[in-house]
Amino acid sequence: LARARGVYADPERVVICAGFAHGLALLGRVLRGRRVREVAVESYGLDLHTNLLTDAGLRIPCLPLDEHGSRTGD
């Protein structure tokens, strides 16, 4: 990973997923297991992705967008 992506990680800390949706579903379960209750996503996000997070028991407040990207201060 370091050579190709600039990421330095111990091999035992790397998780191989079958794709983005699989990785997002795993992340949602881990976050919920750590008592995270909400994960903000940009309002234009795909239903598939938000459903993976809500299926894990997370609430999804959507961040509004403007011409500069996500507006987190609103």
**Prompt:** List, please: which pairs have Cβ atoms under 9 Å, are six or more places apart or on different chains, and start with a residue in the range 10-36 that is in contact (Cβ under 8 Å) with a residue 12 or more places away in the chain and under 15 Å from T54 (Cβ atoms) and end with one that is among the polar types (S, T, N, Q) and in a helix (DSSP H, G or I)?
**Reply:** G28/T54
**Residues satisfying the stated conditions in the range 27-37, i.e. surrounded by 11 or more Cβ atoms within 10 Å (Cβ to Cβ) and assigned to a helix (DSSP H, G or I)** = L27, G28, R29, V30, L31, R32
**Message:** On the basis of being exposed (fewer than 15 other Cβ atoms within 10 Å of the Cβ), among the basic types (K, R), part of a helix (DSSP H, G or I) and without any contact (Cβ under 8 Å) to a residue 24 or more places away in the chain, does R3 make the cut?
**Reply:** yes
**Members of the range 38-66 found to be without any contact (Cβ under 8 Å) to a residue 24 or more places away in the chain and assigned to a helix (DSSP H, G or I), listed by number** = D47, T50, N51, T54
**Request:** Would you mention how many residues in the range 13-26 are at negative phi and not in a helix (DSSP H, G or I)?
**Result:** 5
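Residue-wise test of (1) of a type outside the set (V, I, T); (2) loosely packed, with under 15 Cβ neighbours inside 10 Å.
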site: D10; (1), (2): yes, yes
site: R13; (1), (2): yes, yes
site: C17; (1), (2): yes, yes
site: A25; (1), (2): yes, no
site: V39; (1), (2): no, no
site: L48; (1), (2): yes, yes
site: D55; (1), (2): yes, yes
site: D66; (1), (2): yes, yes
site: R71; (1), (2): yes, yes
**Asked** Which of the residues belonging to the range 54-74 are at pLDDT 90 or above and either in contact with a Leu (Cβ under 7 Å, 6 or more places away or on another chain) or small (G, A, S) (or both)?
**Response** A56, G57, L58, I60
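The values are calculated or read from the model by the stated rules, or taken from the named source; none is laboratory data. Quick caveat, the model's predicted, so the values are computed rather than measured. Ideal geometry is used to build each Cβ from the backbone, glycine not excepted, and the neighbour counts take in all protein chains shown.
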